[in-house]
Amino acid sequence: IMIFQINNQRAPMSDVNVRRAISYAFDYDGFNKEILSNSVERNPAPIPNNLWGVPRDVKGYSYDIDRAKAELAKAKLKVDRPLTVGYLTGFSQTEQAATVMANGLRKAGVETKIVNELWPAMVERMRCSQRPASAGWTTRSAWAAHAWVPSAVRKSSPTRMTKTLRRA
């Protein structure tokens, strides 16, 4: 599962419009087709399609630079410095994902800086609110959802999860 971790506790990522802009700036189809050779199925929600509670009608974000720019224009917190996008050292797909993200953000008018880090350093920077976004992946089995689905989500009912995903 390829993921982008976004630190939503630190400005400007704490603004929902900035996070939406980031979501619109990633070329999902291009990444899946050109880099992953159509070998994956896109999960439009934060959990795999084959787990309980995933709403079947969630479309997810699409690559749309105009919408990214519109979200940035609506943001109360402005992106006034380059956003650093981290990727895992030695994992080419995370580097490629970070590059795709950075290119989309640049097209939307956001300066970016890409850095590579070892996993422990990346986790520590995210924990200490020093990194706004990082590309990573997990190989945990979808059968072991308890190992990676946050406890708040695990305790939610499918209906509550659906409402939460739709609000996002």
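The values are calculated or read from the model by the stated rules, or taken from the named source; none is laboratory data. Quick caveat, the model's predicted, so the values are computed rather than measured. Here Cβ is always computed from backbone atoms with ideal geometry, including for glycine, and neighbour counts include all displayed protein chains. Protein only, heavy atoms only, side chains kept; ligands, DNA and RNA dropped before computing areas. Shrake-Rupley method; radii C 1.70, N 1.55, O 1.52, S 1.80 Å.
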- Task: Count charges around residue 33 for me, please; just the other residues with Cβ under 14 Å from its Cβ, Lys/Arg as +1, Asp/Glu as -1.
- Result: -3
- Item | Karplus 3J(HN,Hα) series, Hz, for the range 14-31 with 6.51 cos²θ - 1.76 cosθ + 1.60 (x for Gly, Pro) | 6, 8, 4, 5, 5, 5, 5, 4, 4, 5, 6, 7, 8, 7, 4, 5, x, 5
- Query: Gap in Å between the Cα centre of the range 6-41 and the Cα centre of the range 51-109?
  - Reply: 3 Å
- Item | Protection proxy ranking, peptides 100-109, 30-39, average beta carbon neighbours within 10 Å, highest first | 100-109, 30-39
- Among 72, 88, 118, what's the order by accessible area (1.4 angstrom probe), most exposed first? 118, 72, 88
- Task: Check each of the trypsin sites (Lys or Arg not before Pro) in the range 38-100 and keep only those in coil by DSSP with at most 15 other C-beta atoms within 10 angstrom; list them in order.
- Result: 42, 56, 59, 76, 78
- Task: Order the following by accessible area, largest value first: 99, 94. Probe radius 1.4 Å; ligands, DNA and RNA are ignored.
- Result: 99, 94
- At a probe radius of 1.4 Å, what is the per-residue accessible area of residue 47, in Å² to the nearest 10? 20 Å²
- Neighbours of residue 107 by Cβ distance under 14 Å: Lys/Arg at +1, Asp/Glu at -1, summed charge -2
- Query: Between residue 114 and residues 5 or more places away or on another chain, which pairs have amide H atoms under 5 Å apart, with H built 1.01 Å from N, and which residues are they?
  - Reply: 85
- Relative contact order as a percentage, the range 1-102, C-alpha pairs under 8 Å and 6+ apart, gives 36 percent
- Env charge @ residue 75, Cβ radius under 12 Å, K,R +1 / D,E -1, value +3
